[in-house]
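Engineer: The structure's right below; bear with me while I get my questions together.
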Amino acid sequence: MILMLTELMSGLALFLFGMKFMSESLQKAAGDKMRGILNHVTKNKITAVFFGAIFTAVIQSSGATTVMEVSFVNAGLMSLEQSVGITFGANIGTTITSQLVSLKLTAVAPYIIFLGACMMMFGKKPIVRKISEIIFGFGALFLGINSMTSALSAIPDYPAIMHFFEYLEYYPVALLIGLLFTVIVQSSSVTVSVLVLLADSGLVGLGSCLYFILGANVGSCMPAMMAGMNSNRDGKRTALVHVLFNALGMIVISVILIFAMQPVTNLIASINGADNAKRFVANADTIFKTFP
């Protein structure tokens, strides 16, 4: 058991490192130009939604996007109305991580890391080094997924651990665990990505996955809430919009699931087949964050 837990934790650590390293590298590569563009496109609500989704997909963090929103509004560079579109788009853009995890890219992870390392060692131009860091972080992320997948496949051999996963069949527990785990790791992308692996290993039922995702969506509001605490009135309102958007979405979808769990599950499963749990979780995450 110790060996399995060690492999699981090392895989999670590598996954978190890869995501953080890639996110920070992408933000450095984007630089001040992206910040200027972000402020410019928010003048139109529709373009703000699209850009919020694209920007968040690029930097791999809706938390970073919403914290930037709060700081812009706090500094008077963006109005509260302008920030709303970015918030909606950020929720959609953050689902790209779980979509990538659900695809079978783990086999090429060592080659991605090797490519990134070579570019870091021999690349002389600043832009090449920035791109190499992004590639290296991307490879580390999927190498961590590979390690976690291997560890999770051994969990059914340990009844004590399996007993814990039985509690996740209670939907309120699944929602609460999803919320708390996201608050701890400060990223719903990480939470849903781990859930993709758990579902693929058969450790979490499809119904519980839906509530787990809803909890993660609410937990992802924590960075914006923390940023809003030290902001002016409009900055606090911007953070509150993010919280209300995710909380109301969670309530609406929860009510729908209470009365139509099976139809909703069947609908999502029909997209990629009932046996593809990885794609089920990734698609449910995208649908839930787009629906409200």
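The values are calculated or read from the model by the stated rules, or taken from the named source; none is laboratory data. Model, not experiment: these values are computed from the prediction. Neighbour counts run over all protein chains shown; Cβ positions are idealised from the backbone, glycine included. Just the protein is used for accessible areas: all its heavy atoms, side chains included, with ligands, DNA and RNA removed. Shrake-Rupley method; radii C 1.70, N 1.55, O 1.52, S 1.80 Å.
Listed here are the residues, each with its yes/no results for (1) modelled with pLDDT under 80; (2) buried (at least 18 other Cβ atoms within 10 Å of the Cβ); (3) under 21 Å from GLY228 (Cβ atoms).
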{"residue": "HIS40", "(1), (2), (3)": "yes, no, no"}
{"residue": "PHE55", "(1), (2), (3)": "yes, yes, yes"}
{"residue": "VAL58", "(1), (2), (3)": "yes, yes, no"}
{"residue": "VAL73", "(1), (2), (3)": "yes, yes, yes"}
{"residue": "GLY76", "(1), (2), (3)": "yes, no, yes"}
{"residue": "GLY85", "(1), (2), (3)": "yes, yes, yes"}
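Engineer: Return yes or no: is GLY219 farther than 22 Å from THR265 by Cβ, modelled with pLDDT under 85 and open to solvent by less than 10 Å² (accessible area, probe 1.4 Å)?
Structural biologist: no
Engineer: Moving on to the next point. Which pairs turn up if I take residues in the range 111-140 that are over 20 Å from SER189 (Cβ atoms) and look for partners that are open to solvent by less than 90 Å² (accessible area, probe 1.4 Å) and outside any helix (DSSP H, G or I) with beta carbon separation below 7 Å, at least 6 apart in sequence or on another chain?
Structural biologist: ARG129/GLY123; SER132/GLY123
Engineer: Assess whether THR290 counts as being open to solvent by less than 10 Å² (accessible area, probe 1.4 Å), β-branched (Val, Ile, Thr), more than 23 Å from ILE145 (Cβ to Cβ) and in contact with a helix residue (DSSP H, G or I) (Cβ under 9 Å, 6 or more places away or on another chain). Walk me through it before giving the result.
Structural biologist: On the way: open to solvent by less than 10 Å² (accessible area, probe 1.4 Å): no; β-branched (Val, Ile, Thr): yes; more than 23 Å from ILE145 (Cβ to Cβ): yes; in contact with a helix residue (DSSP H, G or I) (Cβ under 9 Å, 6 or more places away or on another chain): yes.
In short, no.
Engineer: Another question, if that's okay. Mind checking whether some residue in the range 105-114 is open to solvent by 90 Å² or more (accessible area, probe 1.4 Å), in a helix (DSSP H, G or I) and modelled with pLDDT of 80 or more?
Structural biologist: Yes, that holds for at least one residue.
Engineer: Right, something else. Within the group VAL183, VAL173, VAL204, VAL128, which residue is open to solvent by less than 30 Å² (accessible area, probe 1.4 Å) and of a type outside the set (Asp, Glu)?
Structural biologist: Just a single option satisfies the conditions, and that option is VAL204.
Engineer: Quick check, is SER270 of a type in the set (Ser, Thr, Tyr) and either open to solvent by 20 Å² or more (accessible area, probe 1.4 Å) or closer than 26 Å to GLU81 by Cα (or both)?
Structural biologist: It is true that SER270 is of a type in the set (Ser, Thr, Tyr) and either open to solvent by 20 Å² or more (accessible area, probe 1.4 Å) or closer than 26 Å to GLU81 by Cα (or both).
Engineer: Considering only residues that are closer than 19 Å to PRO156 by Cα and more than 17 Å from the chain's Cα centre (by Cα), which ones fall in the range 175-218?
Structural biologist: Residues satisfying the conditions are ASP200, SER201, GLY202, LEU203, VAL204, GLY205, LEU206, SER208.
Engineer: Wholly within the range 149-264, which helices (runs of 4 or more DSSP H) include no fewer than the required count, namely at least 3 residues that are at positive phi? Outline the logic, then answer.
Structural biologist: Numbers: elements: 159-166, 171-185, 188-200, 206-219, 222-229.
So the answer is none; nothing clears 3.
Engineer: Confirm whether PHE245 is farther than 24 Å from PHE17 by Cα, of a type in the set (Phe, Trp, Tyr), in contact (Cβ under 8 Å) with a residue 24 or more places away in the chain and buried (at least 24 other Cβ atoms within 10 Å of the Cβ). Explain how you work it out, then say what you get.
Structural biologist: Working: farther than 24 Å from PHE17 by Cα: yes; of a type in the set (Phe, Trp, Tyr): yes; in contact (Cβ under 8 Å) with a residue 24 or more places away in the chain: yes; buried (at least 24 other Cβ atoms within 10 Å of the Cβ): no.
Taking the combined requirement at face value, the residue does not satisfy it.
Engineer: Taking the condition of being open to solvent by 40 Å² or more (accessible area, probe 1.4 Å) and farther than 23 Å from LEU100 by Cβ, how many residues in the range 131-170 meet it?
Structural biologist: 12
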